[in-house]
Amino acid sequence: MSHKVFISQEQISNRVKELARTIDQDFSGEEIVVIGVLNGAFMFVADLIREIKSPIILDFIAASSYEGTESTGNLKILKDIKVDIKDKNVILVEDIVDTGLTIKELQKDLKDRGPKSLKLCSLLHKPARTIHENKIDYLGFEIEDKFVIGYGLDFDGKYRELPYIGVYGES
Ligand code: 5GP
């Protein structure tokens, strides 16, 4: 299936640098626990932490919010973090906020563990699809309601390796 470049490698790289600069300003050298949401955020988080100058502890979490009916919003943690986030500055890093359910539930779960602060960073956001409101503290790009792939995002497990973001099915 073909796809066209929607956000180029250069655009992503420039935006990642800007986000890292803002994060560094906000935390002024304090340690940050960065939690990447698997699988989609792996590439974004890898690039982001290489631009952040503040000391970092990196961990990953994998969760599914679609067990049972969507509206119940049950969260199933498939892979938990190992680090104790109590009294720590935490940034949760997601690939895309779509309806907002996954990230809302994940934030609730992490908040219960008593972090000093909990911020949300997402590479992409589709405002047209929002059902569950989330404050995205650090946002890469706001996009239209298109199904995107690449730079960590998949379709049926494929295309995660692309260094840019494409729109699936458009050429
Ligand atoms: P939400 O709970 O916000 O509806 O779901 C977010 C998750 O849905 C993302 O982490 C991602 O895995 C998936 N998703 C939503 N929109 C897209 C998209 O355009 N492309 C891809 N590849 N995944 C998406």
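The values are calculated or read from the model by the stated rules, or taken from the named source; none is laboratory data. Because the structure is predicted, anything quoted here is derived from the model rather than measured. Every residue, glycine as well, gets a Cβ built from its backbone with ideal geometry; the counts of neighbours run over all protein chains shown.
General remarks:
- Among the candidates Ser54, Ser64, the residue that is touching a helix residue (DSSP H, G or I) at 6+ places or on another chain (Cβ under 9 Å), under 23 Å from Val148 (Cβ atoms) and without any contact (Cβ under 8 Å) to a residue 60 or more places away in the chain is uniquely Ser64.
- Candidate set: the range 90-131, residues that are of a type in the set (Lys, Arg) and in a loop (DSSP other than H, G, I, E, B); chosen: the one surrounded by the fewest Cβ atoms within 10 Å (Cβ to Cβ): Lys116
- The set of residues in the range 132-164 being near the ligand (Cβ under 9 Å from one of its atoms) and either within 27 Å of Ile85 (Cβ to Cβ) or part of a strand (DSSP E or B) (or both) consists of His132, Asn134, Val148, Ile149, Gly150, Gly152, Leu153, Phe155, Arg160.
Conditions (1) of a type in the set (Val, Ile, Thr); (2) within 17 Å of the chain's Cα centre (by Cα), marked per residue:
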residue	(1), (2)
Leu38	no, yes
Ile81	yes, yes
Gly100	no, yes
Ile103	yes, yes
Pro115	no, no
His125	no, yes
Thr130	yes, yes
Phe141	no, yes
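Results for (1) at pLDDT 95 or above; (2) within 10 Å of the ligand (Cβ to nearest atom), shown as yes or no for each residue.
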position: Glu70; (1), (2): no, yes
position: Gly73; (1), (2): no, yes
position: Lys88; (1), (2): yes, no
position: Leu92; (1), (2): yes, no
position: Thr99; (1), (2): no, yes
position: Glu105; (1), (2): no, yes
position: Lys108; (1), (2): no, no
position: Lys111; (1), (2): yes, no
